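*Asks:* Below are the structure tokens for one structure; questions will follow.
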Amino acid sequence: MKEIERMREEAQTRSFHAQCKKRGYKIGPDAYGVWADSGMSISKIDSSFLWPTLFIYPESQQSDGLAEFDENDTIEEQLQRILPDSGPPAPWDSEFKYRASTVEVYYLSFCVKPLPPFRDGIQYKQPRWVRVNKKEKLSQVLSRPDFVIPQYPVFHVLVPNTNYHEAFFKESVGGWWNEK
């Protein structure tokens, strides 16, 4: 019975990897360990993936973990749900700085090396911070050549034109260096 279950899981993994490759997604190992034991996983509705996604607010040392981010939704649509322009601020945002329309969103390119099924044709480069166009769909961001998904999408959210914003890009963050 366990052998059948293992074979079923392997078949599901191969199918998932094939669908990701078809979309241009590259999957790597978990770099953050946030949901390692949570049972949170990627689900699917019709032909859309629903990704668990992590938004990190480094200046405030906070984060939002989303169980399902539809790959066909824009980054802005998701930000309006968690950092609405009208409505109460996040409990940790006493200065009302974090609003969907005022923040900038970044990902760390090549934050991990792709898993073996996704290494074909990949030219791995030094990680660097890349600003996301909030009007783009999640699928557009995930399919970028330099975006390797560390098991689930991870985005860093910053308030522009602040001392922290400037320092964030001048210094090493989590051992990775920004390249301008």
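The values are calculated or read from the model by the stated rules, or taken from the named source; none is laboratory data. Treat the numbers as computed from the prediction; the structure is a model and nothing was measured. Neighbour counts are summed over all protein chains in view; Cβ atoms, including those assigned to glycine, are modelled from backbone coordinates with ideal geometry. Please note that ligands, DNA and RNA were not included when accessible areas were found on the heavy atoms of the full protein model with its side chains. Shrake-Rupley method; radii C 1.70, N 1.55, O 1.52, S 1.80 Å.
*Asks:* Within the bounds of the stretch 109-132, is there any residue that is crowded, with 17+ Cβ neighbours inside 10 Å, aliphatic (A, V, I, L, M) and either in a loop (DSSP other than H, G, I, E, B) or at pLDDT below 90 (or both)?
*Replies:* Among the residues of the stretch 109-132, at least one is crowded, with 17+ Cβ neighbours inside 10 Å, aliphatic (A, V, I, L, M) and either in a loop (DSSP other than H, G, I, E, B) or at pLDDT below 90 (or both), which makes the answer yes.
*Asks:* Also, I was wondering about something else. In this structure, does Val141 turn out to be open to solvent by less than 20 Å² (accessible area, probe 1.4 Å), within 12 Å of the chain's Cα centre (by Cα) and in contact (Cβ under 8 Å) with a residue 24 or more places away in the chain?
*Replies:* yes
*Asks:* Let me ask another. So is Gln80 over 12 Å from the mean Cα position of the chain (by Cα), in a helix (DSSP H, G or I) and not acidic (Asp, Glu) or not? Can you show your working first?
*Replies:* Numbers: over 12 Å from the mean Cα position of the chain (by Cα): yes; in a helix (DSSP H, G or I): yes; not acidic (Asp, Glu): yes.
Taking the combined requirement at face value, the residue satisfies it.
*Asks:* A further question on this structure: If you scan the stretch 147-161, which residues turn out to be out of contact with any helix residue (DSSP H, G or I) (no Cβ under 9 Å at 6 or more places or on another chain), open to solvent by less than 20 Å² (accessible area, probe 1.4 Å) and part of a loop (DSSP other than H, G, I, E, B)? First the steps, then the outcome.
*Replies:* At the first step, the residues of the stretch 147-161 found to be out of contact with any helix residue (DSSP H, G or I) (no Cβ under 9 Å at 6 or more places or on another chain) are 150-152, 154, 160-161.
Cutting the leftovers down to open to solvent by less than 20 Å² (accessible area, probe 1.4 Å) gives us 150, 152, 154.
Hits for the stretch 147-161 are Pro150, Tyr152.
*Asks:* Shifting gears a bit: Among the residues of the stretch 42-95, which ones are acidic (Asp, Glu) and in contact (Cβ under 8 Å) with a residue 60 or more places away in the chain?
*Replies:* Selection gives Glu59, Asp70, Glu71, Asp73.
*Asks:* In the stretch 45-77, what residues are surrounded by fewer than 17 Cβ atoms within 10 Å (Cβ to Cβ), of a type in the set (A, V, I, L, M, F, W, C) and under 16 Å from the mean Cα position of the chain (by Cα)?
*Replies:* Scanning the stretch 45-77 gives a single hit, Ala67.
*Asks:* Further, regarding this structure: Please enumerate the residues belonging to the stretch 83-108 that are within 21 Å of Trp51 (Cα to Cα), part of a loop (DSSP other than H, G, I, E, B) and touching a Lys or Arg at 6+ places or on another chain (Cβ under 6 Å).
*Replies:* Leu83
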